[in-house]
Amino acid sequence: MVQILVDNNIIEAENGANLLQTCLENGIYIPNLCYLNDSQEPFAACRLCFVEIDGHPVAACTQKVSEGLQVQTDTSAVRSLQKTAFRLLLSVHEIKCKECSANKRCDLQRIAKFLKVGLKPKGLEIRLKDPGLDSGHPYLIVDQNRCVLCGKCVQVCLQKHGHSYLTFAKRGFDTVISGYIEPDDIPLTFSGCTLCIDICPVMAISLKEGIKS
Amino acid sequence: MDVILTSEDKVIIEKLGSRLTQCEKVKTNLIPILQMIQEELKYLPPEVIKMVAKYLEIPGSEVYGVATFYNQFKFNPPGKNPIKVCLGTACHVRAGDIILENFERKLGISEGQTTEDREFSIERVACVGCCALAPVAIMGDTVHGHMAPSKVEGLILRVQVEHEKAERERQKIESDRQ
């Protein structure tokens, strides 16, 4: 065990443990969307879990705990980076909270509250995808305008099945989570695995009607 | 828009299927295989994605994800008259996007797509190197400079008229023979 200093609190942790996970487990909240517990290779895509170490911003999910590490999670530089990243995420997110199945269970709402950022980002152009609903998958529907591209669904699928049946397709603003059709003679049937649906922080993936979990 | 395979396409795909078996079944071969198919077929229809996925024993989604990341892979067959609209800096400043929009509206397809008769396809490109002529569009091998929305219809019409003319001449030759 080693001791680290997070915002003047002494925390004991395993040497080499993940900093983000250590902070979260000790009740210090750092906004995050893409981190999966005990992930060996953190995806580090959402750019929300910034902390300050030795005056430099570091994504906490990519940092390992070592003796005497001094971390600050609440500096103005850190908050500014987080707010910008978060506002950019919201600029491609369809804000329809009242109609949304994730309402009140949504990580975006939680982070917005924590960072004190409105859900409608001012000064940024809203860029939504058309069409937003993708029903190309045999049994999943992905709401591309709700999806924050955190990649958790791709990661859990990969961990569970060795291959991911969901993937990132295209590039840049056009990037989507996609499940391309499988070879005809090996039809992709619903096995009852709903890992991707359960892990989604914004409930962007759902089962098609008539398919029961 | 779903692409309908032509009989020529089917022949090429069949040949590609047998060529696939010569490639080693390793994941690192994915991009070389896709490149070979792009070279032969000029585009990657869903049938081919499935074929490659099956051969390499990976989910189709993985093949699709890789293929859509790279610009060199196309998902629609090239048109007989490929239209490239330049959206480089100079053309952007001279409203190249309006030219692109005009082509898209006139042909009823979006950038990256091909008309159903495979006559036209639209692609956006970065600088083509003649910024003095901005905005620029290229149809086939011909560069059209100082493009204006009014010229778009003319260009498409010209191809269609030439097409009809060739068709009439062909019919005439046939009727002369009889």
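Quick rundown of the values:
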{"read-out": "Cβ-derived FRET efficiency at R0 51 Å, B:Ser175 paired with A:Ser91, nearest 0.05", "value": "0.20"}
{"read-out": "Helical contribution to [θ] at 222 nm, DSSP H n ≥ 4, -39,500 (n - 2.57), averaged over chain B, rounded to 500", "value": "-16500 deg cm²/dmol"}
{"read-out": "For q = 0.11, 0.14, 0.17 Å⁻¹, Debye-computed log10 I/I(0) when each Cα of chain A counts as one equal scatterer", "value": "-0.59, -0.90, -1.21"}
{"read-out": "Exposed-site-free run, longest, chain B (rule: trypsin sites (Lys or Arg not before Pro); DSSP loop; at most 15 other C-beta within 10 Å)", "value": "B:81-178"}
{"read-out": "Magnitude of the charge dipole, chain B, Cβ model with Lys/Arg +1 and Asp/Glu -1, debye to 20", "value": "220"}
{"read-out": "Longest to shortest principal axis, alpha-carbon extents of the protein assembly as shown, angstrom", "value": "98, 50, 40"}
{"read-out": "Paramagnetic reach from B:Val93 in region B:114-141 [backbone N under 19 Å; point 7 Å along Cα→Cβ]", "value": "B:125-137"}
{"read-out": "Residues A:Asp38 and A:Glu209, FRET efficiency given R0 of 45 Å [Cβ-Cβ distance, rounded to 0.05]", "value": "0.85"}
{"read-out": "Residue list for region A:94-127, given a label point 7 angstrom along the Cα-to-Cβ vector of A:Ile197 and an amide N cut-off under 15 Å", "value": "A:101-102"}
{"read-out": "P(r), alpha carbons of region A:133-207 - 5 Å bins starting at zero, rounded %", "value": "3, 16, 29, 29, 16, 5, 1"}
{"read-out": "Cβ charges +1 (Lys, Arg) and -1 (Asp, Glu), total dipole of chain A, debye", "value": "960"}
{"read-out": "B:Ile83, B:Ile173, reordered so the largest accessible area comes first (probe 1.4 Å)", "value": "B:Ile173, B:Ile83"}
{"read-out": "Pairwise label distance in nanometres, A:Leu124 with B:Arg158, each label 7 Å out on the Cα-Cβ vector", "value": "4.5"}
{"read-out": "Top positive-direction residue, dipole computed over chain B with Cβ charges, set B:Val48, B:Ser110, B:Pro32", "value": "B:Pro32"}
{"read-out": "1.4 Å probe accessible area per residue over region A:1-154, in Å²", "value": "54"}
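The values are calculated or read from the model by the stated rules, or taken from the named source; none is laboratory data. As the structure is a prediction and not an experimental result, all values here were calculated from the model. Neighbour counts run over all protein chains shown; Cβ positions are idealised from the backbone, glycine included. Quick note on the areas: whole protein, heavy atoms, side chains included, nothing else; ligands and nucleic acids left out. Shrake-Rupley method; radii C 1.70, N 1.55, O 1.52, S 1.80 Å.
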